[in-house]
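Enquirer: Got a structure here, written out as structure tokens. Questions coming.
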Amino acid sequence: MGRTTKTISLSVPPEMAEKVKELMKKEGRTRSELIREALRRYVEEQEWKEIYRYGEMKAREKGITEDQVEDIIDARRK
């Protein structure tokens, strides 16, 4: 069975490396665990930003204002 992970190299400023080291000790986690979590959160944030941009674009196309969004969602849920 092959590896389920890939190794990558990463360069960070010394101050950031020190913060990672501190977090490793404080949380009892490995460097890889911390970096993976940071990347997962970043990817998730970017995905949500894309969804938000898409929603804004569609709302503009339909002439829906930000103030109307909650009312539309509430009406749809009923």
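Any read-out appearing in this document is the output of simple, stated calculations on the displayed coordinates, not a laboratory observation. Bear in mind that the values here come from a model prediction, so they are computed numbers and not experimental data.
Enquirer: Applying the Karplus parametrisation 6.51 cos²θ - 1.76 cosθ + 1.60 with θ = phi - 60° to the phi angles of the range 55-68, what ³J(HN,Hα) value in whole Hz is obtained for each residue in order, glycine and proline being reported as x?
Expert: Working through the residues one at a time gives x, 4, 4, 5, 4, 4, 4, 9, x, 8, 8, 4, 5, 7 Hz.
Enquirer: Related question: Show that you can apply the helix-only estimate: for the chain, add -39,500 (n - 2.57) for every DSSP H stretch of four or more residues, divide by all residues, and state [θ] at 222 nm to the nearest 500.
Expert: Using -39500 (n - 2.57) per qualifying helix, the result is -25500 deg cm²/dmol.
Enquirer: On each of the three principal axes of the Cα atoms of the chain, give max minus min coordinate, whole Å, ordered largest first.
Expert: 49, 36, 26
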